[in-house]
Structures are given as C-alpha cells and as structure tokens.
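S.K.: Here it is: the structure, laid out below.
Coordinate-derived values only; no laboratory data. Being a predicted model, the structure only gives us computed values, none of them experimental. A quick note on method: Cβ atoms are made from the backbone with ideal geometry, for glycine too, and the neighbour counts reach across all protein chains shown.
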Amino acid sequence: MYKDIAIIGVSTRLPEADNLKELNQNLLQKKDCIKEISKERRELLKLEDNVDYLQVGYIEDIEYFDNKFFNISSKEADYMCPEQRICLEMAADTILDAGYSLGNFRSKNCAVIVCSTDNEYKILSGQDLGVAFTGNLKSLTAGKICYYLDLHGPNLTLDASCASSLLAVHEGCMKLIADETDYSLVGGLSVNIYIPEYADKDFNTLGVVAKGGRSKSFDADASGTGIGEGGGFILLKRLEDAIRDKDHIYGVIKGSAANCDGGRSSSLTAPSVEGQKEAIIKAWERASINPENITEIEAHGTGTLIGDPIEVQGLQECFNKFTEKKSFAHLGAVKSSIGHLGATAGIAAIIKCIAQFENNVTYPIVHYKKANPYIEFEKTSLMPVGKPVYWPEDQKRIVGINSFGFCGTNVHVVMENYLKKEKENREKAKENIIKICGRTKKAFYENLKAAMNFIKDYDGAYEELTYTLNTGRDDYDYRKVFVFGNTKDLLNKMEEASPNNTFNNNKKVVLVLSRQKEDGLNELLNKSFLYRKMQDINIKPDYIFSDEFGKLVINYANNKITEAEAIKKISLLSKEIKIKSYHEILDKLSRDNEIILIQLSELLGKEEINKLQNVKQLDLSEEKYLNTIKELYESGIEINWTNLYKGTAVEKISAPTYVFDKNKHWIYPKERVEAQKKDNLLKEEEELVENMSDENIKSILHEIWCEVLELDEIKDEDDFFDLGGNSLAGMMLIEEVEEKLKVTIKYDELFEHQTFGELTKLTINKVKIKNSQAADDVIDIIRVSDIETYELNSLQKIVYYSCIEDIENSEWNLCMAIGIKGKLDMEKLNKALAKIINKHSCFRTVFFEEDKIPKQRVLKDYEYTIKEHFIRDENNALSYELSRKKMHEEANKQIPFIEAVPLAVEVYHISDEHSILYINIHHIIGDGSTLAIFIKELSQYYNEEVDAIENDSVFQQVDYNVWKKSFTNSKKGQEQLAFWEETLKGMSSTILLEGDRAHREEAWLGDTILFTLEDTLYKELLELSKQEKFSLFSITLLAYHILIYKRTNKKDVFTTVATANRRIKKLTGICGCLADLIVMRTIFKDNNTIRETLKNTADYINKALDNQEYPYYDLICKLENNENKIMTKISDFLMVFQNYKSSDLKLGNLELYKENIDKKGVKANISLCIYEAGNEMKGILEFNNELYSKSFIEEFLRDYIKVLEHIAKKPEDLILQAAKEGEYLLN
C-alpha cells in the first residue's frame, strides 16, 4: 500500500532564482529567464566576445564552492565538476531547511538519489589526474554527498533522460514506503560547459530546440523547447514520522508511478499516449484520489508543436475514465520560464509546485497567449493559466506532475498541499534566545544578514523560529547569541553584532558545590535541581570544588542514591565547609586559563572574584538563565539546545539556513595548456641529463663541489676531505648531485672516490647506466593529498603505541628553544607559523583509533595562535629562571596527539627585550629533518624572504604513507623483504644487558648524558676514515657493537639504526614522520681483525641502506610471525648518526642564541646519538633509568670511548683485543 510521503526540506538553484522567494516573484511576474550568456560565463569558458551564442536559462556562480566547509582540499575542489560542488551545497542546505543540523543528521538512514547532465567539465579538467577522474564521475555525486554528510542509506545515480529527477522522486518514495530508509534526499543539477554558437546547428540534431530558445508551452507559436540550467533537492520522509517529529511540511506526495513506452511508440524517442496514460492512472489510483478534485496539472510542457497536444490528449483520456467534468484543472509548465533542464526538469517542476503551495497561488504559463491549434482546451478538463490564480489558505489542493523522457520513461506524481492544524495558544515568553554561527567570519556576517532580512518580515511565533535556528543549525567557531524581548530589540542587537571567535578556547568551567544552610534536605533538593539544569544544557565542569555534601548533591542528581538515603547521609555530615585553599587554587587556575565560575554555593563574594584575573561568574537563576547560556556559548562551551525546549510542543519552520563562502574553483582552458607546458619542461630536463656530454656533467659537478665546500676552484686531484669536507658536507653534496644530475651517490662511494676526478668518473658512469635502465626500476611517489584519513606508517605506529602505553614518556617530543635578545614581532611570527601550518598537513593532523586501528586525520582548516607566557619580575634573572623552569616542565610532558594536533609553539617573555621561543613537535608528525625544515621556513616567512607556497604543490605525509604502503607490496619491496629475511635469519629479537637497578629512584623516566670526544681522538677517527675509506658511521657503529658484545658476552649482536628515509629526492622537502629503522647486525669472529670487521660493517651498511625502504614494523611482525604485534619500544639498543643539515633560525636583526633543554624520556634501553658539530664530534647517551643508574651508564660511556680509541690507533688488532678495553671485564 502506498504511504503518504512528506516533503520536509527544499533547496534550489534555478535561472534567476536561488530560493523559493525569488522563484515565486519570477513566476508571478511571468519572467522570461532565458538570456544571453553573461560576461562572467564567457570569461570562465574563454569564449569569444563577438560570437553569438545560444540563449539559455543560465544559473550564475557555478565557479564558486565553499570547499573548506566540507573539508575538501583546494586542489580537489578545482577539479570537481560544478554538478558535484553545487549538489553538495544544495544537499546540505536541504537538510538544514528541514530543521536538522548537519551534525545531528549524520549517520541517518537516508537514501541519496541524484540526477545530472553528463559532466562536461572534464573538457576543461582533463582526466589524467585521480582528482579529475573522480571529480567528473557522474556516479560519485551521490557518493560524495553521502561521504561528506555521513549518510548511511543507499546512494545511486539515475539517468532516464528528461524523466530522471521525477523518477528519482518516485524511487525515493518507494524506499520510504518499503521501510528501506527513513529519509530520501532527492535531486540534482544540470549545467552546460559546452555552449553552442547559433551558427552551429549541431546542438539541435533532434530538431526539438526552439528557434528563439524559449519553450512556449501549449501556445500557438510553440516551435520547440528552450534550454535551461539548474536543479534542486528535496528531503522526503514518511508523513506519519514527519508529523510525529513536528517537521515543517511543504507538501505531501500521495502517489506516484513510472513505466516505459516500450514498443507502443512510433519510434525510440517519440512519445506514446498509451504509455503516458498508464503511468498517470496508476499514480492516481495509488493516491486514492478522485480526479475531479485535482486542482492543477504541472505538465511536461516542452513547447513542441506535436509533443504538447499528445500530452494533453493523454491527460484528457485519463480524466475521461473518471469524469465528464470540463475546465477544472489549471494547467501550468515551468519550462516556459526557465527552459528545459533535461535530467533535472522533474525536480524543477516539484519545486515550482512547492512554491505554489507555500504562496497559495497557481502560476501562469509565461509565454502563453493563444492555444496550440492542435489543442481544443474547451473540450478538456484543463485550463491553461494565463495569469496568477490565488487560493484560500485552507483550500485543499491536488496537483498532478508529469515528466517524460525521450528514452521512453513516463513518470507521474500526485502531490497535495498540507493543511496545518490550528496551533494551541501558548503564553509568549518574556525573553527569547537565538544563536547565529558561521564557520568563517564572513559566513557569520552573511548568516546574520540573512536572519535579519527574514526576521523583518516574520510574523510567526518566536519560539518556533528560535527552536529551528538553535536546534537545527550547527555550531561553529564564529558565533553570537541574542537574548531579546521583541523584534525591534532583536534587530537592534543584530545590527551592532560582531562574532566571538571560539577557535582557541582555553576556558575552563569551575563549579562550586558545598553545604551552606542548616536545612540540609531543602538545600539538597534546590541544588540538585540546579545541577540537573546544568546537565540538561550540557554544561560539563572541568573542575568541581566540593565538600561531602556537594558529592551527595551530585549523586542524588544522577539518581545514584534515593531521597531517603540522602536524608540519612545528610544527618551524618558536618555543617562546616571544608573546601581547602579554594581561593588559592582558583587563583592558580586563572593564571593560564579563562575561568567560567558557577557557584551553586557562594563561597566567594563579588569583591573577592573581582580581584582574580580571568574569572567570570555566571548565574543559573531563572531571571539570568538565558544570559548565562549566552555567555557560555559565546565562550566556546557547546550547549544542548534541544533540552532547552524539553516538554514543549514546538514545530520546525522554514528559516534561513547557511550562506556558503564563495571560494573560486575553476580550471580555465588555458591552464590546461600551461600545465601541459610544465609537464613538457620536466620531460625536457630529464632528456637534457640523458643527452648531456661528459664535459657538461663535470662542469655541473664542479659547481656543486665549489658550492658545498665554499671554494672558487677545484682540481681533479683535490680530496673532498682534505678540503674540509665532513659527513654533513658529504650529505649536502649527494643531495645536490641527485637534484641536478638525477643519479644517487651512496655515502660510502664518496669515501671510495674522495678526489674530484674519481667522483667525476663515477658520476658520469652512473648517468650512462641510468639512461640505459628501464623506467620500471624507478621508485616514484605521487600526490594523493586529497585523502584525509589514513593509517600510520612504521615509526608512527611505534611512537603511537609507546605513548599510549606510557603517558609519562616525553621522549618523543622534538623540542627546541631559542633565546631572543630584542623586540620580537609576535604578529609576524604568528603569520609565519600560519603559512607553515597551511603548507604542511602534518601540522594539521590529529590521531584516533577506528576499529582498534590507529589512524590520522588531516584538518583542512586549523588556526593556531602562539601561546605567550609573561613571567615577569623586577629581577630579570628570576624571570629567566622561572621561564626556563616552566619550559622544562612543558618539554617533559607528553604532548597530546589524540584528537589534538601535537604541535606547541610558545614564547616566554622575560622582559620587553628578552624572550625565549620554545618549539615542540611530536615525533609522530615530524622527525629531525622536519624540525630543520620548520626552522628554515619560519626564518624565511618571518623575514618575508619568500611567499607562502600553496600546499597543493608540496608533497605531504599522506603521499609518503600511501607510497610506502604500495612500495611494500611492489616487486622492489618484496625483494627488500627477501634481503632482510635472509640477513636476519636466526637472529634473537632481544639482547639482554643486565642493569644495576630493580626500579628507578628518580621522579622522571629516562635520563641523558651529553659528551664530546677529545679533539685528538676525533682527528684520529677522521684520519682512519680517510685512509681506510670507512665512513665515521661505520666506525662509531662497530665500536657500539663491540661494546655490546663486551657487556653481554654475545657474539651475535644488533642495534636498530634510525634512517631519515629520504634518499628519494621527492621526499626531501616533506614535513612529517618519514624516518624509519633498519637493523644493523654483527656476528663477531675473534680471529678477525678490526679492519676486516670494519670492512664487513661498511658492506653491511651499504646493503642495508639499499634496502631501507621496507618498513621496520612490518619486518619485525613478519620475522616474529605475528601480524597483530603491538610494538611499544624500538629495541634494546638504538643508534642515530645525525648527518642531516640543521637550520639556524634568523629573525630579522634580533640576536639569537640556543637554549638547552633538559629533556627526559626513553626510546630504547640505551640510545646512542653521534653527530659532527663544526670541528667537533659530540654525542648523546640516553638510557632507561628503571634498569640503569647514571654511574652505570657513565662507566658504559667510558668503555665506549676506550673502544673508539683502540679502533683508531690499532685497526690491525683482533676484535677480541678491542673488546677487552675499559673498566668492565669480558668474561
């Protein structure tokens, strides 16, 4: 049985009409909306100015889209066709118009059925990019609506030519009738990118387009149909459910039917009277109506000389079956005003009928003057409407709507107006409250303007208006609340309003609850009432100051104890207030936070509160309740608006929805050409290297050496290290060679080819080999930055699980502090930081778990303001020490990353001319290279050396993670896995180095020892490196392994080594956690010399680095045959050889110096970090102080230096002799 279906929401974009009000005005005035192409559209499509193009019912602003509202990247929005963009906005608008916030409508069982023209935008965007392909795929319009609005019903795209959208309405109704869904969101959009010239007759291959481009429906001058653009959406719901939920009901669909002509028509595209009759009669029968009660027919009405008479004939034969009554049904056709919208003609007809019901009118046919000569209307039940027909508000009206597709599909829908019941007279509230919000400041003002325009003409109940706007609109950062008594009061307040921005909300709600009166029971009941009142509107205190009586109130309010139990407990309580140091605690809290104070028990008077900084007291009494809600909401506290109307029978109304920001997103035809030029340039660069002569290669290499070593001339016999080169300079040289000559020089190859002549020969040979290789050997990374939510990579997982397991471990904080002498420009610093955050998505990333799998999500819009601390004292030295103390406390706290961006940038102001800049980047979003890029770009943007780069042009963390995952499963990835499985076969997963502790004695976790090698030893190691052609990394790693062998008495030892994992050039500029780990294993043989073992170590390192892309986490899971392994630490021993280039911060002419941070924490039981700084070699030894005391590790360090000395002085000695060095004796 057919159920009545309510239309509860509507949104439209039609020619000259973006809403029902404008549509009503156009149709009443018989406005012809067919027009010449606008200057703006010509510009978009780069059309010639002097060419005469077809006149069409155009919609405007098709290039604008509020991508940020939907968290869609700018690049993806550029490549999305107008149909997808505008449909997304209309779909959201329809839900809001129905009185449901998008947040509350998420996860609803709502079908989405969409129709649209064939997407012609791909003519401009092309199809070579993934975002271009998905952005122009017709079927993805419905899919994107479901995805971005989180709707859980089926989504589908219908194409039945001109009958598409009315068929979609029918299908939406059927899904509701079958109880398959609870809502159906139906609609679509038609847009023309290809605009034909009048001289070109290809646009009229079927001969149905009118000569003047106008549909003159049912008129004697009809010569064909006009072409229009636009569409709309409606939200459908079972009528009984809509009445129950007090929805605003625009109209009721009583019945619908669809069929196909099949073989009954004279040709494939010709209409069939029999087919049309069958669909119409079936719909009337399903609607259980008497056709004599039909007041209006909204015809398909294309305006063709033959099609219109056939439609009238079919309608009349249907009427003849039920009645002989003539001239009672008013005939209309919206195509006469806006043209034929093709796939969305049916939804335009539905929306026209909604406007008719809303305004108690039947609209005239725009161009109707004299009847089509093939139609005798006086002999029919139909009356073409020549001027507006007005109806009493309580008149029952029924309209039949036709839509026929030239594919043979016929659809008819029966729609009835909804007569609302008389409302009960309710006592008007003395005061009302209404909120206005915007996702951006501009949107706030536009929404405010829309609300004011609506309110000026509003004569309904304010309770319904405020209920709709407060409960049916979402909460955004820019917001304002108005408490008002009447319309004039409200408009005056709105006129002067400016929004509160609650984005960086550091406000804390403090509740005070204690006993104050002798009559404990009455006090309990009163305060329980107020506490429940708080809970109803979602006030959740961050801090509660309470005595035992206060706890009793909370338990009673939460129904955890009965009244009888409460009375018994009250009698046992002391009557004294026992909140200790309340004033002092509140004072301390208010120093770093803005405090919203709610005293259900007044322990502090106004004078005492006024003495405290950043404290605002609110009152829950009846007369101040709405103003308290206003203060809370404008402070960033989210209110449960629905509970504000609990117990009242308020109905939703149609009210202003949301005004989307107009961000321009368009691919101009010429931009496709420019993009192709860029691609060609890149190919030319590749070809240039391929065809480069040996002399050209040598010349480029000469420039690189001079630049890196800061010299003017280089000779073939010059040695890189003799000229001052070190490991850091070596890495810079390798990066420049890869950038300019497209080949990779391995680090150890630089040691083997130390002179300019030797390295030139090696480089020339590599270029020739590369040019002869197949393209399949190249590992590439592509941009997939439109993905918002994705899984963690190898190191990110370890960091995540480590931090989750031990929230005290701050080791994963990457901290830096810079002292600043001079006046720091905070505005410039904030702007510079904002550019970095916008450029690199890692600084807008939060973490969460989905089905127990850790994931990360990029926030499209994230505003961050640098936190400033003013720890001032007359004694600047004391201010400095207090600032450093506070900074050290922050550095040794784990920075939050669950649903929070783990980035902290703070400035400690010691005096007007002295401050400290503190930066903390959680390792889960960054690594050492990231910190270096961050500092470099902070300098550039602060000093205005470069403009901000669009983040769409930069590779991001997601690009790396997706590439890494695909690499793992590639042929190359599987080859690397095979290498590691063979290399690590038989290796134990742990090496136990027994410590001297059962538990830690310090309050902090983890400890650190800093050291610098003596200058003599450093020079000896450099000489050994040069003579034996071993890198310093090989030497320091072997010494570490020898020490582990010495301490554990195990000959098969290993460490994990951190790698930057950026040997592919495209990875070098990414900010994010790209670093990973590789296993360095040594199996000692006592009869091997140090030199032989060094050679083996160097060979192992080369092979390991060649296979470094395989993820460490995945590797360990495979080796241990445990795919679900959760790793919370790296390993027992970790080594880092730091050879990336760090950046020095430069802030204008300010004098900067490095501030040391005493940071604790544990990555592995023992971590050794070695790095070259100027003419020194330094180190950091971090250790687990739960296992080892500081004296134990100091002894460990002394032994390490002894081993290094032995290697430097006696490389010909046996390994066993080096292992006996130091204080700890080998067994």
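S.K.: How many percent of DSSP beta bridges within the chain run antiparallel, rounded to 5?
M.R.: Beta bridges within the chain, antiparallel portion: roughly 70 percent.
S.K.: Between Gly231 and residues 5 or more places away or on another chain, which pairs have amide H atoms under 5 Å apart, with H built 1.01 Å from N, and which residues are they?
M.R.: Placed amide hydrogens put Arg13, Leu14, Ser190 under 5 Å from Gly231.
S.K.: Work out from phi, with θ = phi - 60° and the Karplus expression 6.51 cos²θ - 1.76 cosθ + 1.60, the ³J(HN,Hα) of each residue of region 1065-1072, listed in order in whole Hz, and give x for Gly and Pro.
M.R.: With coefficients 6.51, -1.76 and 1.60, one gets 4, 5, 8, 5, x, 6, 8, x Hz.
S.K.: Please list the radius of gyration and Dmax for region 5-416, considering alpha-carbon atoms only, with Å as the unit.
M.R.: Just the Cα atoms of region 5-416 yield Rg and Dmax of 20.3, 62 Å.
S.K.: Right, here's the next one. So what is the calculated 222 nm ellipticity per residue for the chain, using -39500 (n - 2.57) for each DSSP H run with n of 4 or more, over all residues, to the nearest 500 deg cm²/dmol?
M.R.: Value at 222 nm, helices only, nearest 500: -12000 deg cm²/dmol.
S.K.: Provide Rg over Rh for region 507-635; use the alpha carbon set for both Rg and the Kirkwood Rh (inverse mean inverse pair distance).
M.R.: Rounded to two decimals, Rg/Rh equals 0.96.
S.K.: Identify all aspartates and glutamates with a Cα-Cα distance to Lys835 below 17 Å; exclude those on the same chain that are fewer than 8 residues away in sequence.
M.R.: Asp825, Glu827, Asp861, Glu863, Glu906, Glu937, Glu944, Glu945, Asp947, Glu950, Asp952
S.K.: Moving on to the next point. What are the GluC sites (Glu not before Pro) within region 117-190 that DSSP puts in a loop, where the Cβ has at most 15 other Cβ atoms within 10 Å?
M.R.: Glu180
S.K.: Amide H to amide H under 5 Å from Ile595: which residues, 5+ apart in sequence or cross-chain, H placed 1.01 Å off N in plane?
M.R.: Residues meeting the amide H criterion: Lys508, Val615, Lys616.
S.K.: Scaled to the compact-protein estimate 2.2 N^0.38 Å, what is the alpha-carbon radius of gyration of region 789-959, rounded to two decimal places?
M.R.: For region 789-959, the normalised Cα radius of gyration comes out at 1.09.
S.K.: Set Lys and Arg Cβ to +1 and Asp and Glu Cβ to -1, take the dipole of region 5-416 about its Cα centre, and tell me which of Leu382, Leu166, Gly188 lies farthest positive.
M.R.: Sorting the options by dipole projection puts first Leu382.
S.K.: A follow-up question, please. Would you mind listing how long region 892-949 runs along its three principal axes, going by Cα atoms, in whole Å with the largest first?
M.R.: 33, 33, 20
S.K.: Which lysines does Lys321 reach when only Cα atoms under 25 Å apart count, and residues fewer than 8 places away in its own chain are ignored?
M.R.: Leaving aside lysines fewer than 8 places away in the same chain, those within reach of Lys321 are Lys3, Lys254, Lys277, Lys282, Lys379, Lys396.
S.K.: Let me ask something else. Can you tell me, using C-alpha contacts under 8 Å and at least 6 residues apart, the relative contact order of region 355-418 as a whole percent?
M.R.: 29 percent
S.K.: Output ³J(HN,Hα) for region 190-195: one whole-Hz value per residue in order, computed from phi by the Karplus curve 6.51 cos²θ - 1.76 cosθ + 1.60 with θ = phi - 60°, and x for Gly and Pro.
M.R.: Running phi through 6.51 cos²θ - 1.76 cosθ + 1.60 with θ = phi - 60° gives 10, 9, 10, 8, 7, 10 Hz.
S.K.: Based on the alpha-carbon set only, what is the convex hull volume of region 958-1098 divided per residue, in Å³?
M.R.: Here the figure is 205 Å³ per residue.
S.K.: Let me ask something else about it. Between region 9-61 and region 614-654, what is the separation of their alpha carbon centroids in Å?
M.R.: Distance between centres, Cα-based: 43 Å.
S.K.: Is the C-alpha gyration tensor of region 480-548 telling us rounded, prolate or oblate? Criteria: a/c under 1.5 is rounded; beyond that, a/b larger than b/c is prolate, otherwise oblate.
M.R.: Oblate, since a/c reaches 1.5 and b/c is not below a/b.
S.K.: For region 692-777, what is the charge dipole size about the Cα centre, in debye to the nearest 20, if Lys and Arg each add +1 at the Cβ and Asp and Glu each add -1 at the Cβ?
M.R.: 440 debye
S.K.: Now a separate question. Can you compute log10 of I(q)/I(0) for region 692-777 with the Debye formula, treating each Cα as one identical point scatterer, at q = 0.14, 0.18, 0.26 Å⁻¹?
M.R.: Ignoring solvent entirely, the Cα scatterers give -0.43, -0.71, -1.50.
S.K.: Please give the Cα centre distance for region 985-1022 versus region 284-352, rounded to the nearest Å.
M.R.: Here the two parts' Cα centres lie 87 Å apart.
S.K.: Further question: Can you tell me the dipole magnitude for the chain around its Cα centre, using point charges on the Cβ only (Lys, Arg +1; Asp, Glu -1), in Debye to the nearest 20?
M.R.: So the magnitude is around 3480 debye.
S.K.: Continuing with this model, one more query. Please report how far the C-alpha centroid of region 443-468 lies from that of region 134-171, rounded to the nearest whole angstrom.
M.R.: Here the two parts' Cα centres lie 31 Å apart.
S.K.: Under 19 Å between alpha carbons, and skipping anything fewer than 8 positions from Lys1220 in its own chain: which aspartates and glutamates qualify?
M.R.: Those aspartates and glutamates meeting the cut-off are Glu994, Asp1052, Asp1086, Glu1092, Glu1194, Glu1195, Asp1199, Glu1205, Glu1212.
S.K.: What ³J(HN,Hα) values, in whole Hz, does the Karplus curve 6.51 cos²θ - 1.76 cosθ + 1.60 give for region 66-80 when θ = phi - 60°, with x put for Gly and Pro?
M.R.: Calculated HN-Hα couplings, in order: 8, 4, 5, 4, 9, 6, 10, 5, 4, 5, 4, 4, 4, 8, 6 Hz.
S.K.: Here's something else I'd like to know. Stokes-Einstein at 25 °C, 0.890 mPa s, Kirkwood radius from Cα pairs: D for region 257-407 in µm² s⁻¹?
M.R.: 156 µm²/s
S.K.: Near the amide H of Asn155, under 5 Å away, which other amide H atoms are found, from residues 5 or more places off or on another chain, if H is placed in the peptide plane?
M.R.: Excluding prolines and chain starts, which carry no amide H, the hits are Val112.
S.K.: Which links in Lys442/Lys488; Lys797/Lys1065; Lys68/Lys122; Lys1050/Lys1129; Lys1129/Lys1190; Lys75/Lys508 stretch past 30 Å when you go from one Cα to the other?
M.R.: Lys75/Lys508
S.K.: How large is log10 of I(q)/I(0) for the chain at q = 0.10 Å⁻¹ when the intensity is taken from the Debye formula with one equal scatterer per alpha-carbon?
M.R.: For the requested q values the scattering log ratios are -1.31.
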